[in-house]
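First the structure, in the form of structure tokens, and then the observations on it.
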Amino acid sequence: MNIVEIKNKIDTQIVGKKILFFEEVHSTNKYLYQLALDRNLDDGTVLISDSQTAGKGRLERSWVSPKGKNLYISILLRPNISPKTVSIFTFLASCALKETFDGYGVGSKIKWPNDILVQSKKISGVLTELKLNKNIVDYLIVGIGVNINMDSDLILNLMPDISYKVTSLSIELDRAVEREEFAAELINNIDKYYIRFIKSGISKILSDWTKLWGAIGSMVEVVDGNNIYKGIAEKVDENGFLYIRKDDGRLEKVITGDFSF
Ligand code: BT5
């Protein structure tokens with residue numbers, strides 16, 4: 001990965017003014033979180049690694065992160081928000097991701113709450129973590145994994161159980177993709193949405209995300225363990241919770257789960 005090339009291709013106001021690069025870390029989220037404890041990193045600092053030995057998903061799940069193939073990126077942000085509304089930053093990243101994929105001509109779909117799918121297969125996931133200081137958000141780490149150049153054999157090898165529902169940009173485009181170009185475009189888009197957030201607040205990000213998501217008014221289903229929620233998606237609120245209108249007319253709040261529509 002050539003970081004100078006990424007720097008040359010970005011044109012941003014806040015995100016990516018400083019980019020830290022490592023050949024290998026345990027997790028870009030964890031490492032950036034720790035670095036920010038020790039030194040005062042600026043809003044918008046980016047950390048990229050060529051591989052992760054312990055890439056993280058939500059709820060201690062793991063993110064498969066082979067070397068030299070994909071993008072593993074974390075962004076430190078210092079927004080002035082309540083801890084309850086951090087999910088908005090997962091949405092912000094999803095908007096930027098969708099725009100970046102659309103720029104490559106692959107039709108991507110946002111899957112609530114934190115995935116991006118292409119052809120119904122997972123190509124990217126977002127993990128937002130926060131550091132609190134006396135109940136105030138000190139900083140957020142928005143971590144993004146994007147499958148860029150993994151081929152089907154590698155996916156099958158590394159993720160035999162889920163390979164049928166995983167894809168990469170190179171598989172979808174049937175050509176190798178320059179990771180630096182994707183990373184730069186993504187950073188540009190995150191900066192754009194972050195500035196939009198600073199100017200117009202959470203409601204603007206939520207409305208942008210809701211439009212790009214496209215599931216409001218549709219019949220949806222969320223499976224969370226033994227609970228199955230089914231009905232019409234009515235809204236998503238500032239906490240990232242989904243409200244489903246059930247057949248019997250009741251409105252059900254859903255916090256997380258495996259979503260489909
Ligand atoms: C996510 O979690 O989708 C968030 C993933 C965030 C990863 C980035 S990489 C840079 C930064 N540093 C980190 O340490 N993490 C972030 P979740 O919704 O919990 O999905 C995790 C599940 O996705 C796993 O349990 C697998 O089923 C599946 N999975 C794992 N690796 C994958 C991959 N490379 N591509 C597609 N699916 C994968």
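Annotations for the structure displayed:
- Counted by Cβ distance under 12 Å from E180, the other residues give a net charge of -2, where Lys and Arg count +1 and Asp and Glu count -1.
- Pairs of Cα atoms in region 215-260 fall into 5 Å distance bins, from 0 up to the last occupied one, in shares of 5, 26, 36, 25, 8, 0 percent.
- Of L130, L71, L37, the residue with the greatest mean-square motion in the GNM of the chain, using alpha carbon springs below 10 Å, is L37.
- Alpha carbon convex hull of region 187-229, volume per residue in cubic angstrom: 105
- Pairs of alpha carbons in region 69-141 whose separation is greater than 20 Å (percent): 35
- Over the chain, the pair-distance histogram of Cα-Cα distances with 10 Å bins from zero comes to 7, 31, 37, 21, 4, 0 percent, rounded to whole numbers.
- The separation of region 137-156 from region 63-128, counted between C-alpha centres, amounts to 8 Å.
- Rounded to the nearest 20 debye, the dipole magnitude of the chain is 660 debye, with +1 charges on Lys and Arg beta carbons, -1 on Asp and Glu beta carbons, and the Cα centre as origin.
- Dipole magnitude for region 143-261: computed about the Cα centre from +1 point charges on Lys and Arg Cβ and -1 point charges on Asp and Glu Cβ, it is near 640 debye.
- For the residues P83, P66, P160, a GNM of the chain with alpha-carbon springs under 10 Å puts the largest fluctuation on P160.
- Candidate cross-link partners of K17 among the aspartates and glutamates, defined by an alpha-carbon separation under 20 Å and a same-chain spacing of 8 or more, comprise E5, D38, D42, D43, D50, D138, E180, E181, E185, D191.
- Selected from L35, N149, A54, residue furthest toward positive end of dipole (region 3-212; charges at beta carbon): L35
- Whole-percent carbon and sulfur share, accessible surface of region 215-260, 1.4 Å: 45
- Filter on K134/K246; K9/K56; K131/K165; K18/K84; K67/K204 - keep pairs with C-alpha separation over 30 Å: K134/K246; K131/K165; K67/K204
- Considering every alpha-carbon pair of region 14-131, the percent of pairs per 5 Å bin, from zero through the bin containing the longest distance, is 2, 11, 19, 23, 24, 15, 5, 1, 0.
- With the Kirkwood sum run over all distinct C-alpha pairs, region 164-214 has a hydrodynamic radius of 13.2 Å.
- Using the 1.4 Å probe convention, the accessible area of the chain works out to 47 Å² per residue with neighbouring protein chains retained.
- Only DSSP H runs of four or more residues enter the estimate; each adds -39500 (n - 2.57), and after division by the residues of the chain the mean residue ellipticity at 222 nm equals -9500 deg cm²/dmol.
- Reachable lysines from K211, criterion Cα separation under 16 angstrom, eight or more residues apart if same chain: K98, K109, K111, K235
- Build a GNM of the chain with springs between Cα atoms under 10 Å apart, and of S51, S207, S168 the one that fluctuates most is S207.
- Once the chain from S218 to I198 is taken as fully extended at 0.36 nm per residue, the excess over their C-alpha distance is 4.1 nm.
- Note on M219: accessible area is roughly 100 Å² with a 1.4 Å probe, heavy atoms of protein only.
- Gyration tensor (Cα) of region 1-73, equivalent ellipsoid semi-axes in angstrom: 21, 16, 10
- Bridge type composition, region 1-99 - antiparallel percent by DSSP, nearest 5: 50
The values are calculated or read from the model by the stated rules, or taken from the named source; none is laboratory data. Only a predicted model underlies this, so the values are computations on that prediction, with no experimental measurement involved. As a convention, Cβ positions derive from the backbone with ideal geometry for all residues, glycine included, and neighbour counts pool all protein chains shown. Calculation scope for accessible area: heavy atoms of the full protein, side chains included, ligands and nucleic acids excluded. Shrake-Rupley method; radii C 1.70, N 1.55, O 1.52, S 1.80 Å.
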